[in-house]
1. What residue, of 306, 343, is surrounded by 12 or more Cβ atoms within 10 Å (Cβ to Cβ) and outside any helix (DSSP H, G or I)?
2. In the stretch 264-287, is there at least one residue being more than 30 Å from residue 175 (Cβ to Cβ), surrounded by fewer than 21 Cβ atoms within 10 Å (Cβ to Cβ) and in contact (Cβ under 8 Å) with a residue 12 or more places away in the chain?
3. Which members of the stretch 244-262 meet the condition of being closer than 24 Å to residue 61 by Cα and either touching a helix residue (DSSP H, G or I) at 6+ places or on another chain (Cβ under 9 Å) or part of a loop (DSSP other than H, G, I, E, B) (or both)?
4. Answer yes or no: is there a residue in the stretch 106-113 that is under 60 Å from the mean Cα position of the chain (by Cα) and at pLDDT 85 or above.
5. Looking at this structure, is residue 394 in contact with a helix residue (DSSP H, G or I) (Cβ under 7 Å, 6 or more places away or on another chain), modelled with pLDDT under 90, surrounded by 12 or more Cβ atoms within 10 Å (Cβ to Cβ) and in a loop (DSSP other than H, G, I, E, B)?
6. Among the numbered conditions (1) in a helix (DSSP H, G or I); (2) under 59 Å from the mean Cα position of the chain (by Cα); (3) more than 23 Å from residue 302 (Cβ to Cβ); (4) touching a residue at least 12 places away in the same chain (Cβ under 8 Å), tell me where residue 370 comes up short.
7. If I go through the stretch 216-238 residue by residue, how many of them are at pLDDT below 95, touching a strand residue (DSSP E or B) at 6+ places or on another chain (Cβ under 6 Å) and surrounded by fewer than 22 Cβ atoms within 10 Å (Cβ to Cβ)?
8. Over 30 Å from residue 102 (Cα atoms) and touching a helix residue (DSSP H, G or I) at 6+ places or on another chain (Cβ under 7 Å): does that describe residue 265?
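The values are calculated or read from the model by the stated rules, or taken from the named source; none is laboratory data. Computed from a predicted structure; not experimentally measured. Quick reminder, even Gly has a Cβ in these numbers, built from the backbone with ideal geometry, and neighbours come from all protein chains shown.
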């Protein structure tokens, strides 16, 4: 009889594995599809392990094929197994395995036995699982993860021999030890996993179990320990929340790219919002400038803004009244007018109640009542009024002079609108000069922002 060669056994195993894989994949063709490149596998980069599913269980069925020196041909017997795995890193996990089934070989090397059948009662081991690649550079989520395994375990088995010759029959192996043969073994394997869905993987693997004894087939022949190969196909189920991706199939590069795109979108949204706000403010400023232009436009240059001018297009050098109409003189005798304490109180009330909008020359409505009383006084007693605007020292000089002048002119325009002769009102702005208090305090700066009224 010829001793089986290792090369022949490997070819036989590969042939059987190819047939097994082809049949199983065809059965899944209608339901198993390549995951698309959607974003369901996104996890914020550098997240803790708790953001993933790291525990999984698997079950599989396959074929045992032994190879050793004791029997010349291998039989094919079914086996099954289960495992539980803890994924430590995206490419490294620890797995506890259980195997069971029957193993058969034919034609013993010494012609004493025609075959053997060994019941593998259990084989348990602790192995490491190393993923060779779990990043798909063309898609956000990978579909295939090849892996390697290796570990150490313990098994229990019961071998039975069938004798050759005229009186053939099954006998108990002399090494059966009452059906309780036990020894260690070293499993080494490789495989590939296909991601069928978010939490289910198809597991195709092949492993060789190096048994620590030569009694697995019930016969000791030669110097080489028995070896057992196992080709399997099964399903792996991830444990935990279905909202979390599996750590073993996660693509961290895709998550980092998604994070970058999300941050880019957030920044663009902020930029768009800032641009929109800026456009609104520009439109508001333009509207305010247009309104202010209407307030100060004086088409006939008679000192009365068009908005208050009741007699537009007055000829140049025409003496006018407060409404912009020509003033008719009846040569009244000059009247000497005295400024009384009551007159001064009217002026003081107007100053005390004078308020402008912040950083503008717009008079607030709260000031209108006392300014109207002042206008009535100026008309009744034909008094003259000098308006002098001042500011604090905050801001450029040209701005301070401008706003102080605009505020004085705004008061003048209001008094003219109430019928006061424009020639009786003098309005000037002096900016930050001549402070009445220290500009080093908020209270002092508040006092320096003023318009002084002087009757004469």
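1. 306
2. Scanning the stretch 264-287, I find no residue that is more than 30 Å from residue 175 (Cβ to Cβ), surrounded by fewer than 21 Cβ atoms within 10 Å (Cβ to Cβ) and in contact (Cβ under 8 Å) with a residue 12 or more places away in the chain, so the answer is no.
3. The initial filter retains those residues of the stretch 244-262 that are closer than 24 Å to residue 61 by Cα, namely 246, 248-249.
If the condition is that a residue be closer than 24 Å to residue 61 by Cα and either touching a helix residue (DSSP H, G or I) at 6+ places or on another chain (Cβ under 9 Å) or part of a loop (DSSP other than H, G, I, E, B) (or both), then 248, 249 are the ones that fit.
4. No - not one qualifying residue is present in the stretch 106-113.
5. Taking the combined requirement at face value, the residue satisfies it.
6. Result: residue 370 fails condition (2) only.
7. Matching residues across the stretch 216-238 total 2.
8. Spelling it out, it is not the case that residue 265 is over 30 Å from residue 102 (Cα atoms) and touching a helix residue (DSSP H, G or I) at 6+ places or on another chain (Cβ under 7 Å).
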